[in-house]
Structures are given as structure tokens and as C-alpha cells.
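Report on the following structure.
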Amino acid sequence: MRKYLAEAVGTFCLVFAGTGAIVVNQLTHGEVTEVGIGLVFGLVVLAMVYTVGPISGAHLNPAVTLGFYSSGRMRGQEVPAYIMAQCAGALLASFSLRVIFGGSTNLGVTLPSGTALQSLVLEFVLTFMLMFVVMGVATGDREEGVLAGVAIGATIALEAIFAGPISGASMNPARSLAPALVSGNLSHLWIYGLGPVLGSVVGAWMYRRVR
């Protein structure tokens, strides 16, 4: 239970800070900026890797959990509980933002600014890159290396900065699911489930081949 609670709390912090930055940016008419939003996502992941990484691995992301499982670095019986904990933490974060800010924003829902195919491919490639990095710095399914948090946080930040304006740079089904459910905007949600999961599995597979 320690691992599942750590995943829930870590994912709560990720979604609360990351989508919270999007909400505040909307309410302040761009004071946070797109670059600032990307940095918030990267920094909160960096912090959570060092905080809960030794306990649960700080997956904070169902796609990462499935990537570890597909590569044989995680036991199958743990996967459903990890994903449920991550989704629960993300939902609690979105509900908290709804209580704080009301219905004046979309709570950071990820939506494509171009075509659905464009965002699907972007989410696949972004998550492929993320999982490739994660596999390189993780020990088993644990992200415990001295520079693991820096490498993973930097990857998320750089991807969010350059791809966020196009696809939202979710790379995380839980991060997209929670604000979509709480705000009632489920359009295009399939992109942010399918793209990251496929990208993560292929990224893990490719790292094993390279290794």
C-alpha cells in the first residue's frame, strides 16, 4: 500500500501543479506563459522522482507503468493498482482545482490545436522519447539514480515547451483523463490514451534493443 499511496500523492502533485499552471495562465491572460507551464511540469516531476521514487518508482503515469510492465521490469499483479492509484490522485487534483477556481476554466484539458492525427503522432513520439529516457535512468522499475529526476524532469519540460501548444504534450493518460472527466469535456480523449501508451511500450522496447 505504501507504493500505491506514493503513486496517488505523486500524481496528485503532478496534475495539481501542472494543470494548475495552465489554469492560472488562463486566468491571468498569459502571465505564466507556455514556457512557464512546461517548466512547472518538468520541475514537479523532478521533485516527485526524488520524493517518492525510492518508494514506488514515481511512475506518476499509466503509460510509464505499462512501459515498465511490457519490458519485464514490473510484476503484472501490481499494474492495475498502480494505474488506479495514479488516476485517483489525478482526479483528486482536478476536483481540487475545480473547487479553488470554479468553472471559469477548462481545468487544463488537453485538446489538439491541429488535426487529431497530428496530435496522436506527437503524443506517440513524445512518450516514446520520455520512456526511452526513463528506461535509461531507472533501476528495475525504480527511478532512483542520482540524476534520474533531472533527466526525466528536463525531458518533460523540453517536450512540453515545444509541443504543448500543438497537442498539449500530455504523455500521460491520467493527466488527461482527470480534467476531462471533471470538466465534462471528453472530446479527443482517445488521443491521449492511445498515443502515450503505444509510445511508452515502443520506447521501452527500443531501449531494450539498444541496450
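So what is the 222 nm mean residue ellipticity for the chain from helices alone, if each DSSP H run of at least 4 adds -39500 (n - 2.57) and you divide by all residues, rounding to the nearest 500 deg cm²/dmol? Before the final figure, lay out the partial values.
Details: 8 runs with 155 residues, N = 211.
-25000 deg cm²/dmol, from helical runs alone.
Both radii are taken from the alpha-carbon atoms of region 1-56; with Rh as the Kirkwood radius, Rg/Rh is 1.09. In the Gaussian network model of the chain, springs joining C-alpha atoms below 10 Å, which of L126, L66, L194 carries the largest mean-square fluctuation? Greatest mean-square fluctuation among the candidates belongs to L194.
When you count the other C-beta atoms within 10 angstrom of each residue and take the mean per peptide, 203-209, 103-109, 129-135 line up highest first as 129-135, 103-109, 203-209. Couplings for region 90-95, taken from phi via the Karplus curve 6.51 cos²θ - 1.76 cosθ + 1.60 with θ = phi - 60°, read 5, 5, 4, 5, 5, 5 Hz in order; Gly and Pro are left as x.
Of the listed peptides 90-98, 72-80, what is their order by residue-averaged count of other C-beta atoms within 10 Å, with the highest listed first?
By packing density, highest mean first, the sequence is 90-98, 72-80.
Mean separation of Cα pairs under 8 Å and 6 or more residues apart, divided by the residue count, gives the chain a relative contact order of 32 percent.
Each Lys and Arg contributes +1 and each Asp and Glu -1, all at the Cβ; summed about the Cα centre of region 1-150, the dipole is approximately 300 debye. For helix 2-27, report the angle its Cα long axis makes with the longest principal axis of the Cα atoms of the chain; keep it between 0 and 90° and round to the nearest 10°. Value to nearest ten degrees: 30.
Using Cβ contacts closer than 10 Å as the measure, can you line up T19, T115, T155, T127 from fewest to most? Let's see the in-between values first.
On the way: T19 28, T115 9, T155 21, T127 31.
The order, fewest Cβ neighbours first, is T115, T155, T19, T127.
Size check on region 2-210: the Cα extents along the three principal axes, sorted descending, read 44, 36, 28 Å.
Values quoted throughout were computed directly from the atomic coordinates according to the rules given, and no laboratory measurement underlies them. Not measured: the values here are computed from a predicted model. Positions of Cβ are generated from backbone atoms using ideal geometry, with glycine treated the same way; all protein chains shown enter the neighbour counts.
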